[in-house]
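The values are calculated or read from the model by the stated rules, or taken from the named source; none is laboratory data. Remember, it's a predicted structure, so these values are computed and weren't measured experimentally. Note that we place each Cβ from the backbone using ideal geometry, even for glycine, and neighbour counts take in every protein chain shown.
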Amino acid sequence: MLAARPHIEPHRAPAFDSVMVKEIYLSLQGESSHAGKLCSFVRLTGCHLRCTYCDSEFAFRGGARMKNAEVLKQVKALASSMVEITGGEPLLQPGVYPLMEALLAEGLTVLLETSGAVDTRLVPPAVHKIVDLKTPSSGESDRNDERVFSSMTERDELKFVIGSREDYEWSRDWVRSEKLAGKPFGFLFSTVFGKLSTQALAEWIIEDRLPVRFQLQQHKYVWEPNARGV
């Protein structure tokens with residue numbers, strides 16, 4: 001029997017000047033080609049997926065509605081030139097688009113962590129998109145939306161979170177596929193933390209000579225893996 005999809009409460013009216021925020025904090029970027037850099041994080045509430053390896057289930061609900069101007073004020077107070085919008089799935093909220101525009105207007109480097117299950121064509125072009133294409137072990141790979149590829153540029157990265165040999169071969173085949181041939185964006189390969197050996201993934205990449213960036217979720221090695229606000 002298929003698992004029931006999560007119920008998403010309908011919005012009474014789009015709130016373009018505000019977003020539901022779970023947390024805002026300052027840390028070091030733990031993933032992507034920006035790993036290790038000082039970064040502010042704005043984590044938004046809500047997600048329509050239920051990945052088996054999700055490490056941010058606490059963001060599915062709760063939080064507080066904030067005006068975009070207040071989010072911008074708090075981010076500026078953290079005094080980092082880089083900010084990441086994450087979730088949950090941040091693109092479910094209409095207010096995130098003007099929020100990204102406002103952050104860019106302040107001269108900030110803006111990263112967006114989003115699933116491969118939401119079309120990204122409305123994301124401001126100057127935003128660095130990190131798109132998580134869901135692998136088979138996530139249980140959500142049938143939700144991937146290939147339209148994301150058409151709006152990804154050389155500043156963007158396609159991420160594969162790998163929990164098994166099957167996931168790896170699926171991801172490898174995507175990287176080598178005609179659909180991604182010649183695309184300007186980079187590829188990120190990382191393990192499901194605690195599920196697959198990082199050494200195994202590294203050796204598979206070397207063996208197949210894949211043109212990808214092997215990465216660790218650095219924050220889970222610096223701090224306790226389930227720590228919040230890091």
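Those residues that are over 17 Å from residue 99 (Cα atoms), modelled with pLDDT of 95 or more and not in a loop (DSSP other than H, G, I, E, B), I need them from region 32-58; list them, please.
38 - this is the single residue of region 32-58 that is over 17 Å from residue 99 (Cα atoms), modelled with pLDDT of 95 or more and not in a loop (DSSP other than H, G, I, E, B).
Identify all residues within region 194-224 that are modelled with pLDDT of 95 or more, in a helix (DSSP H, G or I) and not hydroxyl-bearing (Ser, Thr, Tyr); write none if there are none.
199, 200, 201, 202, 203, 204, 205, 206, 207, 208
Kindly indicate which of 95, 107 is buried (at least 18 other Cβ atoms within 10 Å of the Cβ), among the small types (Gly, Ala, Ser) and over 15 Å from the mean Cα position of the chain (by Cα). Even if it seems obvious, please write down each step before you answer.
Values: 107 fails: buried (at least 18 other Cβ atoms within 10 Å of the Cβ).
Result of the check over 95, 107: 95.
Against the condition part of a helix (DSSP H, G or I) and either without any contact (Cβ under 8 Å) to a residue 12 or more places away in the chain or under 17 Å from residue 32 (Cβ atoms) (or both), how does residue 130 come out, does it pass? Even if it seems obvious, please write down each step before you answer.
On the way: part of a helix (DSSP H, G or I): no; either without any contact (Cβ under 8 Å) to a residue 12 or more places away in the chain or under 17 Å from residue 32 (Cβ atoms) (or both): yes.
Taking the combined requirement at face value, the residue does not satisfy it.
For residue 69, which of the numbered conditions (1) touching a helix residue (DSSP H, G or I) at 6+ places or on another chain (Cβ under 8 Å); (2) surrounded by 17 or more Cβ atoms within 10 Å (Cβ to Cβ) fails to hold?
The one condition residue 69 does not meet is (2).
Please verify whether region 164-178 includes one or more residues that are outside any helix (DSSP H, G or I) and in contact with a Phe, Trp or Tyr (Cβ under 7 Å, 6 or more places away or on another chain).
If we filter region 164-178 for residues that are outside any helix (DSSP H, G or I), which is where we start, we get 164, 176-178.
Now restrict to residues that are in contact with a Phe, Trp or Tyr (Cβ under 7 Å, 6 or more places away or on another chain): none.
There is no residue in region 164-178 that is outside any helix (DSSP H, G or I) and in contact with a Phe, Trp or Tyr (Cβ under 7 Å, 6 or more places away or on another chain).
Among 71, 21, which is the only one that is in a helix (DSSP H, G or I), under 28 Å from residue 143 (Cβ atoms) and either among the aliphatic types (A, V, I, L, M) or under 16 Å from the mean Cα position of the chain (by Cα) (or both)?
Residue meeting the stated conditions: 71.
To keep it simple, each residue is scored yes or no on (1) on the phi < 0 side of the Ramachandran plot; (2) hydrophobic (A, V, I, L, M, F, W, C); (3) at pLDDT 95 or above.
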residue: 15; (1), (2), (3): yes, yes, no
residue: 18; (1), (2), (3): yes, no, yes
residue: 26; (1), (2), (3): yes, yes, yes
residue: 30; (1), (2), (3): yes, no, no
residue: 63; (1), (2), (3): no, no, yes
residue: 97; (1), (2), (3): yes, no, yes
residue: 100; (1), (2), (3): yes, yes, yes
residue: 103; (1), (2), (3): yes, yes, yes
